[in-house]
Amino acid sequence: MSNYDFRKIENKWQDRWKKDQTFRADNSSKKPKYYVLDMFPYPSGAGLHVGHPLGYIASDIVSRFKMNQGFNVLHPMGFDAFGLPAEQYAIQTGQHPAITTKNNIERYKDQMNKIGFAYDWSREVQTCDPAYYKWTQWIFMKLFDSWYERDADKARPIDALITILEKSGSERLNAVCDEGTDHLTAEQWNELTWEDQQKYLLKYRMAFLAETSVNWCAALGTVLSNDEVKDGYSERGGHPVERKKMMQWCLRITAYAERLIKGLDHLDWSEALKEIQRNWIGRSQGGELDFPIQGKEERIRVFTTRPDTIFGVTFMTLAPESEWVDKLTTPEQRTAVKQYVKEASNRSERDRLSEVKRVTGVFTGSYVLHPFTQKPLPIWVADYVLAGYGTGAVMAVPAHDTRDFAFAKKFNLPILKVIDGGPEDEAYDAKEGKAINSDFLNGLEVKEAIARAIERLEAQEIGIGKINYRIRDAIFTRQRYWGEPLPVYFKGEIPCLVSEKDLPLILPEVDKYLPTESGEPPLARAKNWVYKAEDGKEYPLEKSTMPGWAGSSWYFFRYMDADNAQAFCSKDAQAYWESVDLYIGGAEHATGHLLYARFWTKFLYDLGLINTDEPFKKLVNQGMIQGRSSLAYRITGTNKFVSANLKDQYETSPMHVDVSLVKDDVLDLEKFRKWRPDLAEADFITEGSKFYCGFEVEKMSKSRFNVVTPDDIIEGYGADTLRMYEMFLGPLEQSKPWNTNGIDGVFKFLNKVWRLFHNETGEWAVVDDSASPQELKSIHTAIKKVNEDLQRLAFNTPVSSLMICVNELTALKCRKRNILEILTVLLSPFAPHLAEELWECLGQKGTVARAPFPKHDESFLLESTYEYPVSVNGKLRTKMDLALDMSPGDIEKAVLDAEPVQKWLDGKTPKKVIVVPGKIVNIVV
Ligand code: ANZ
């Protein structure tokens with residue numbers, strides 16, 4: 001090969017790797033293991049753009065580096081293949097989502113293979129594959145068949161709960177269950193009908209049915225998570241979303257709240273990411289206390305983080321959804337309250353919390369009594385109080401809480417500052433009598449005062465200390481087609497699991513992917529969507545499917561043992577691979593996927609099915625690659641466009657232009673006119689002969705015509721250039737715009753590497769001579785840098801080090817085998833195709849991916865020679881490179897023998913030779 005023919009090289013090695021299964025990981029190896037994982041993609045119709053592979057390239061470099069270091073590396077890839085886009089497409093076109101998904105996956109794999117990833121494709125998973133979702137369903141069954149025992153602090157099989165209930169009832173049970181679950185004695189339990197026992201168990205199961213208030217999007221026919229709703233509209237499609245109560249499957253993630261927080265301490269994740277999870281889980285320590293209702297026997301319970309402010313309470317606020325609202329509204333207030341509750345129900349939780357300025361509320365007409373002072377306090381309804389948090393009721397302390405303050409201001413309610421435990425308002429104090437004994441809070445720091453207040457509340461049986469978590473149980477159903485069917489059928493109202501032998505419960509065919517006319521999910525359209533139970537009778541199956549995050553909550557275990565038909569992952573495979581050593585993916589999964597995956601891992605661990613309770617030891621969020629959009633400025637209301645630098649002279653509106661029509665910001669007018677029929681007649685005001693576009697850095701997307709695909713780059717420069725260039729753009733975690741300005745430089749670099757091994761006429765030119773100290777120094781400097789940088793997951797700096805090294809070796813005209821062999825291995829994680837080719841040419845057997853990674857030798861990095869300035873009679877005449885460890889006598893001899901010095905001596909014997917080792921040689925004649 002005369003020059004760097006990247007197409008030929010890359011095709012050759014991609015075929016070879018596939019044929020030889022080079023990157024197949026071994027489940028029973030004596031080598032140490034290393035598990036590198038990317039967050040698997042949802043295969044969208046648009047394919048990969050250059051932003052997607054950023055993380056994949058980084059993880060691939062780490063995988064290859066670890067292979068070179070002698071690890072048995074697991075580096076798999078798969079597809080998160082259930083999801084909304086394929087289903088929306090199905091609704092529009094009638095195309096089965098399975099077909100769309102399959103096509104998209106093929107496209108993705110093709111694109112990935114062209115980048116030369118070292119994946120073990122034999123372990124590929126697709127979440128929509130029945131052989132895979134069988135186990136997703138199986139895990140769901142385990143969740144249904146488990147409960148959480150607080151004393152043991154873990155999930156246990158439901159049978160253990162049944163045994164406890166039979167023997168001793170639930171009185172002494174310390175378990176996670178629905179709010180307000182009544183206690184039963186053993187007798188009561190044993191006397192319950194089967195139906196009632198099942199209903200009771202549902203209050204404890206880790207997967208349970210509950211009526212929940214959800215974001216219902218009628219247009220999409222499904223429930224959306226809070227993340228998927230923006231300002232009352234669906235993020236996807238912008239359809240209106242309303243709050244609605246629905247029966248939903250939920251998972252009791254709240255049982256794991258504390259463990260999910262504590263587990264973070266031991267993970268090698270960024271502090272920022274940990275903080276996001278901590279905030280999401282939202283632990284708050286405080287107390288719950290009861291306020292008696294005036295004129296009634298009942299009490300309203302509130303949750304407060306500041307029980308020490310109890311003497312500053314001047315009113316109470318209830319969530320509009322609170323069941324107290326209806327009970328406490330007086331006839332005079334009924335119309336106003338009804339109206340208010342209706343309005344509030346259409347505001348999303350996020351809006352209700354964030355719109356601090358929009359203070360709204362309504363008086364119920366009723367009062368509670370202050371638990372210490374007995375003073376009546378008005379009860380209001382306010383939508384800043386959330387139904388699902390705490391008790392849905394707040395003791396309002398306007399002097400100490402901003403939202404309560406705003407509310408008190410707006411509705412003219414008293415504001416009472418608490419100083420040293422008691423109220424500031426002496427008049428109040430006097431009027432209400434001396435019964436208030438708030439002395440117990442005097443002179444304490446807030447923290448102490450809170451503790452003291454809780455003690456007092458508990459002693460007087462007014463309240464108890466309580467830790468609350470903001471996280472809610474996770475809704476686990478979607479009223480959609482393209483997801484895993486829940487392995488559940490109904491005997492009347494009672495949900496029952498299908499038998500394990502009937503898994504997978506295959507997603508049925510339907511005539512349309514829409515909800516039915518009566519609003520039932522698409523599965524209601526399936527013929528015969530029933531289950532034949534052991535009693536021989538047929539029962540209706542659940543019609544909702546699992547949410548998108550089901551399959552992604554455990555896929556990292558499946559890769560360990562992907563073909564296992566007997567188990568989701570064998571114990572042996574799990575014992576060997578244990579957990580993911582390095583996980584790379586987008587920051588947008590901070591609260592969704594990463595929490596669910598941790599939750600399922602802890603659950604499987606509790607049941608003894610796996611050996612670890614954290615799935616991802618180290619995690620890195622790669623930055624986004626933004627698009628660099630091109631804009632052409634249209635003179636408003638015309639079909640005339642003006643070059644960017646002249647645009648201020650006109651009234652213009654920018655229009656996105658496909659980036660493929662633009663080079664160095666200059667628009668190809670010919671192509672532009674052909675781009676769209678309405679532009680065929682377009683006019684231009686140019687600058688000289690050129691028409692310049694403006695630009696904007698923004699998200700890469702089809703609608704902005706700024707998408708660059710890896711295929712485009714590979715076509716022009718090859719995958720090795722793409723890989724190195726993406727790394728060269730900057731630190732992995734940073735977001736950066738795609739900008740091809742530097743790509744030529746990287747391409748030239750790889751050509752330069754090629755030319756180190758080949759002479760001008762393209763022939764192999766590597767020689768067996770021994771290396772010089774400078775060559776050794778150059779390569780060992782690179783070895784050191786690359787090792788150190790990859791160790792700390794820096795990918796841009798080793799690319800520069802390799803460039804420096806190649807420049808130096810080129811300048812030294814180094815074609816020496818022992819140097820170039822090292823260079824080839826150093827380069828191989830970054831530019832694996834080129835490295836394999838050179839490795840083969842060097843006569844090496846086997847893949848460069850398994851060659852030992854070079855280690856540097858510190859002694860080569862030290863300066864071993866020094867360039868002595870040699871003066872004759874005080875005038876600098878020449879310079880000489882001499883070893884630093886030479887004796888002054890040897891230096892003198894070497895200098896006097898040297899030809900340039902002989903010339904200056906002109907046959908004379910020097911009178912004096914002054915040698916300063918490591919500095920200078922001076923000759924006096
Ligand atoms: C009295 C008080 C005085 C409060 C004070 C705060 C400051 P975190 O930290 O988020 O847990 N609260 C309780 N339940 C609520 C609900 N369902 N919706 C909205 N707000 C609720 O917040 C707990 C505090 O938020 C509680 O403590 C309560 O107000 C309010 F100087 O009680 B606090």
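The values are calculated or read from the model by the stated rules, or taken from the named source; none is laboratory data. The model shown is predicted, which means the values in this text are computed figures rather than measured ones. Reconstructed Cβ throughout: ideal geometry from the backbone, glycine too, with neighbour counts over all protein chains shown. Please note that ligands, DNA and RNA were not included when accessible areas were found on the heavy atoms of the full protein model with its side chains. Shrake-Rupley method; radii C 1.70, N 1.55, O 1.52, S 1.80 Å.
Structural remarks
- The helix-based estimate of mean residue ellipticity at 222 nm for the chain, built from -39,500 (n - 2.57) per DSSP H run of four or more residues and divided by its residue count, is -10000 deg cm²/dmol to the nearest 500.
- Base-10 log of normalised Debye intensity for the stretch 106-174 (one unit scatterer per alpha-carbon) at q = 0.15, 0.17, 0.29 Å⁻¹: -0.67, -0.75, -1.22
- In the stretch 578-621, the C-alpha radius of gyration followed by the widest Cα-Cα span (Dmax) gives 10.7, 31 angstrom.
- Sparsely packed GluC sites (Glu not before Pro) within the stretch 722-772, loop by DSSP, other Cβ within 10 Å at most 10: 760, 763
- Residues in the stretch 876-896 reached by a label modelled at residue 863 [backbone nitrogen below 13 Å; 7 Å Cα→Cβ]: 881-885
- Working from the Cα coordinates of the stretch 59-205, the gyration tensor eigenvalues give, after taking √(5λ), semi-axes of 47, 24, 11 Å in decreasing order.
- Linear extension gain, residue 516 paired with residue 343, 0.36 nm per residue minus alpha-carbon span: 59.4 nm
- Between residue 11 and residue 925, the simple spin-label model (points 7 angstrom out along Cα→Cβ) gives 6.8 nm.
- Rg to Rh, two decimals, where the stretch 672-748 supplies the alpha carbon set and Rh follows Kirkwood: 1.06
- Pairs exceeding 32 Å between alpha-carbon atoms, taken from 8/699; 154/199; 142/532; 663/785; 342/512; 274/752: 8/699; 663/785; 342/512; 274/752.
- The charge dipole of the stretch 21-68, taken about its Cα centre with unit charges on the Cβ of Lys, Arg, Asp and Glu (plus for the first two, minus for the last two), comes to roughly 320 debye.
- Here's the list of lysines a cross-link from residue 784 could span, going by alpha-carbon distance under 19 Å and ignoring same-chain residues fewer than 8 apart: 66, 855.
- Counted charge near residue 457, where neighbours are those whose Cβ lies closer than 11 Å (Asp, Glu -1; Lys, Arg +1): -3
- Applying a length cut-off of 18 Å (Cα extent along the axis) and a mean Kyte-Doolittle floor of -1.0 to the DSSP H helices of the chain leaves 53-68, 130-144, 446-459, 593-606, 743-757, 773-791, 796-811.
- Separation of the residue 841 and residue 219 label points, Cα + 7 Å toward Cβ, nm: 5.9 nm
- In straight-distance terms, cross-link reach from residue 908 covers every one of the aspartates and glutamates whose alpha-carbon lies under 17 Å from its own, apart from those fewer than eight places away in the same chain; here that gives 892, 897, 899.
- Of all aspartates and glutamates in the structure, those lying under 18 Å Cα to Cα from residue 18, and not within fewer than 8 positions of it along the same chain, are 10, 26, 60, 106, 110, 120, 124, 720, 836, 837, 840.
- Per residue, the chain exposes 46 Å² of accessible surface when a 1.4 Å probe is rolled over the protein heavy atoms with every protein chain present.
- Cβ-Cβ FRET estimate between residue 564 and residue 98, R0 fixed at 30 Å, reported to 0.05: 0.80
- Remark: spin-label model distance residue 909-residue 686 equals 8.3 nm, labels positioned 7 Å along the Cα→Cβ axis.
- For the chain, size of Cβ-based charge dipole, Lys and Arg +1, Asp and Glu -1, in debye: 1820 debye
- Taking Cα centre as origin and charging only the Cβ of basic (Lys, Arg, +1) and acidic (Asp, Glu, -1) residues, the dipole magnitude of the stretch 85-207 rounds to 720 debye.
- Beta bridge orientation in the chain: antiparallel %, DSSP, nearest 5: 80 percent
- Under 12 Å from the residue 527 label point (7 Å along Cα→beta-carbon), backbone N, the stretch 479-516: 509-511
- Calculated diffusion of the stretch 657-790, Stokes-Einstein form, Kirkwood radius summed over Cα pairs, 10 °C and 1.306 mPa s, µm²/s: 84 µm²/s
- Isotropic mean projected area of the C-alpha convex hull, the chain (nm²): 57.0 nm²
- Segments 860-867, 657-664, 706-713 sorted - mean Cβ within 10 Å per residue, highest first: 706-713, 657-664, 860-867
- Prolate/oblate/rounded call for the stretch 651-694, Cα gyration tensor, a/c under 1.5 rounded: rounded
- The base-10 log of I(q)/I(0) for the stretch 822-915, evaluated at q = 0.14, 0.15, 0.23, 0.25 Å⁻¹, reads -0.64, -0.67, -1.12, -1.23 [Debye formula, identical scatterers on Cα atoms, solvent excluded].
- Rounded, prolate or oblate (a/c below 1.5 giving rounded, otherwise prolate when a/b exceeds b/c) for the stretch 227-338 by Cα gyration tensor: oblate
- Remark: for residue pairs 748/816; 167/537; 134/602, the C-alpha separation exceeds 23 Å in 167/537.
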